[in-house]
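The block underneath contains the structure these notes are about, expressed in structure tokens.
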Amino acid sequence: MPDQAQDSTRMTTVRRLVEGVSKGLALKLVAGAAGLDRTIDSPRIQKLGLALAGYRDYLHSGRVQFVGRTETGYLSRLGTDESAAALEGVFSRSPCCIVVTGGLAAPHPLGDLADRQEVPLLTTEAVSSKAIAQVTGFLERELAPTMTIHGVLMEIFGLGVLLLGESGIGKSESALDLIRRGHRLVSDDMVRIQRVRPSELIGSGSSDFPFLMELRGLGFLNIQDLFGVSAVRRRHAIHLVVHLRRWQEANPKDRLGLEEEEELLLDVALPRITLPVAPGRNLATLVELAVRLQLLKEQGVNASRQFVEDLDRRVRDLGEDLWQAGAERDQ
């Protein structure tokens, strides 16, 4: 089992949200600055409509709360005391933050309550639909289940290929050979994996030291500097796992390649191919072939299975011919 560590915290802060969507939404903090480090633990947002009307059973403190034209219109029709009571009821559930959309002014006394309760009050010129889409997209990425694994991630023929194997088996050397052949590096040594959808994994490398590769005897190499920007990618979906194992550790039983292997990462099952490593074997060529075979399998083409089926048919036909010949001789 490759070295791996899973991040189970799955939370972020309002401060990170403001920074993360600053380009698209330009969220402006208008009150509650003391609460910027409040935590957000869900990518799902909520609109305050029902909560303002008094139904607060499903108001979650870890979700971003939105106030749009409907909510501000409702509050404007209430009396001052009723409006204050509705908002105080919302703040009694300790929301992580409140976003007012569409360039609307924050209803009174929302700003005073936000400062008093230390709940960030944010505004944006974007309409609710756009703001919700961008905030949800950011939080889905930020809160996605994440793990870090020891390996190398490459893009080969359009597929994201994760090379795994024990330290020193030749993952980085194989990756370097593949880069020289025109394929692209995503990350060497430590790969950060996120499950962005129920069955989709995205891999990336270090944001502080991207595209560095360590080779014994040569030290650290910057692949982008050596081979150019076309040789690297910041992130890529993972489609295939290639496990490098020393020859004696590899499975000696499956000579035909009929067994379908899987690698389970963040509860997502990925196809896996195990390649035995031995002196004289060109691993880069074998990895390329493994990717080509996977692409063919996705199109319904499997040479090993076709070979076995053809062989079975020939044996069956030969048996029928022998039976027919024996029957004719007996006559």
Give the residues of the stretch 48-59 that are surrounded by fewer than 17 Cβ atoms within 10 Å (Cβ to Cβ) and either on the phi < 0 side of the Ramachandran plot or at pLDDT 95 or above (or both), sorted by residue number. G49, L50, A53, Y55, R56, D57, Y58
Name the single residue, out of those in the stretch 132-177 being within 18 Å of the chain's Cα centre (by Cα) and among the hydroxyl-bearing types (S, T, Y), that is nearest to V64 (Cα to Cα). T136
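For the stretch 109-125, which positions are in a helix (DSSP H, G or I), touching a helix residue (DSSP H, G or I) at 6+ places or on another chain (Cβ under 7 Å) and either open to solvent by less than 30 Å² (accessible area, probe 1.4 Å) or not polar (S, T, N, Q) (or both)?
Taking the stretch 109-125 first, the residues in a helix (DSSP H, G or I) are 110-117.
Applying the additional criterion that residues be touching a helix residue (DSSP H, G or I) at 6+ places or on another chain (Cβ under 7 Å) yields 110, 113, 117.
Of everything in the stretch 109-125, those that are in a helix (DSSP H, G or I), touching a helix residue (DSSP H, G or I) at 6+ places or on another chain (Cβ under 7 Å) and either open to solvent by less than 30 Å² (accessible area, probe 1.4 Å) or not polar (S, T, N, Q) (or both) turn out to be L110, L113.
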Out of curiosity, is A269 at pLDDT 65 or above, closer than 28 Å to I193 by Cα and outside any strand (DSSP E or B)? no
Do we have any residue at all in the stretch 153-172 that's open to solvent by 10 Å² or more (accessible area, probe 1.4 Å), among the aliphatic types (A, V, I, L, M) and more than 30 Å from F220 (Cα to Cα)? no
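Those residues that are part of a helix (DSSP H, G or I) and either crowded, with 19+ Cβ neighbours inside 10 Å or modelled with pLDDT of 95 or more (or both), I need them from the stretch 19-34; list them, please. Talk me through it step by step, then tell me what you get.
Looking only at the stretch 19-34, we keep the residues that are part of a helix (DSSP H, G or I), and these are 19-20, 22-25, 33-34.
Residues satisfying the conditions are G20, L25, A33, A34.
Out of the residues in the stretch 145-184 that are part of a helix (DSSP H, G or I) and polar (S, T, N, Q), state the one that is nearest to S42 (Cα to Cα). Break it down into steps so the answer makes sense when it comes.
First pass over the stretch 145-184, keeping only residues part of a helix (DSSP H, G or I): 171-180.
Add one more test, that the residue is polar (S, T, N, Q), and what stays is 172, 174.
On the way: S172: 37, S174: 40 Å.
The qualifying residue nearest to S42 (Cα to Cα) is S172.
Could you tell me whether V135 is open to solvent by less than 20 Å² (accessible area, probe 1.4 Å), touching a Cys at 6+ places or on another chain (Cβ under 8 Å) and not in a strand (DSSP E or B)?
Details: open to solvent by less than 20 Å² (accessible area, probe 1.4 Å): yes; touching a Cys at 6+ places or on another chain (Cβ under 8 Å): no; not in a strand (DSSP E or B): yes.
Here the answer is no, as V135 does not meet what is asked.
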Checked the stretch 205-239 for anything open to solvent by less than 50 Å² (accessible area, probe 1.4 Å), touching a residue at least 12 places away in the same chain (Cβ under 8 Å) and either within 25 Å of R292 (Cβ to Cβ) or part of a loop (DSSP other than H, G, I, E, B) (or both); matches are G205, P210, F211, M213, I223, A231, V232, H236, A237, I238
Condition first: closer than 30 Å to R10 by Cα and open to solvent by less than 40 Å² (accessible area, probe 1.4 Å). Can you find one or more residues in the stretch 75-84 that meet it? no
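Condition first: of a type in the set (A, V, I, L, M, F, W, C), in contact with a Cys (Cβ under 6 Å, 6 or more places away or on another chain) and over 30 Å from L265 (Cβ atoms). Can you find one or more residues in the stretch 9-27 that meet it?
Here is the first cut: in the stretch 9-27, the residues of a type in the set (A, V, I, L, M, F, W, C) are 11, 14, 17-18, 21, 25-27.
Cutting the leftovers down to in contact with a Cys (Cβ under 6 Å, 6 or more places away or on another chain) gives us 14.
Those left that are additionally over 30 Å from L265 (Cβ atoms): 14.
Looking for residues that are of a type in the set (A, V, I, L, M, F, W, C), in contact with a Cys (Cβ under 6 Å, 6 or more places away or on another chain) and over 30 Å from L265 (Cβ atoms), one finds at least one in the stretch 9-27, hence yes.
The values are calculated or read from the model by the stated rules, or taken from the named source; none is laboratory data. Keep in mind the model is a prediction, meaning the values are calculated, not measured. Using ideal geometry, Cβ is built from the backbone for each residue, glycine included, and neighbour counts are taken over all protein chains shown. Calculation scope for accessible area: heavy atoms of the full protein, side chains included, ligands and nucleic acids excluded. Shrake-Rupley method; radii C 1.70, N 1.55, O 1.52, S 1.80 Å.
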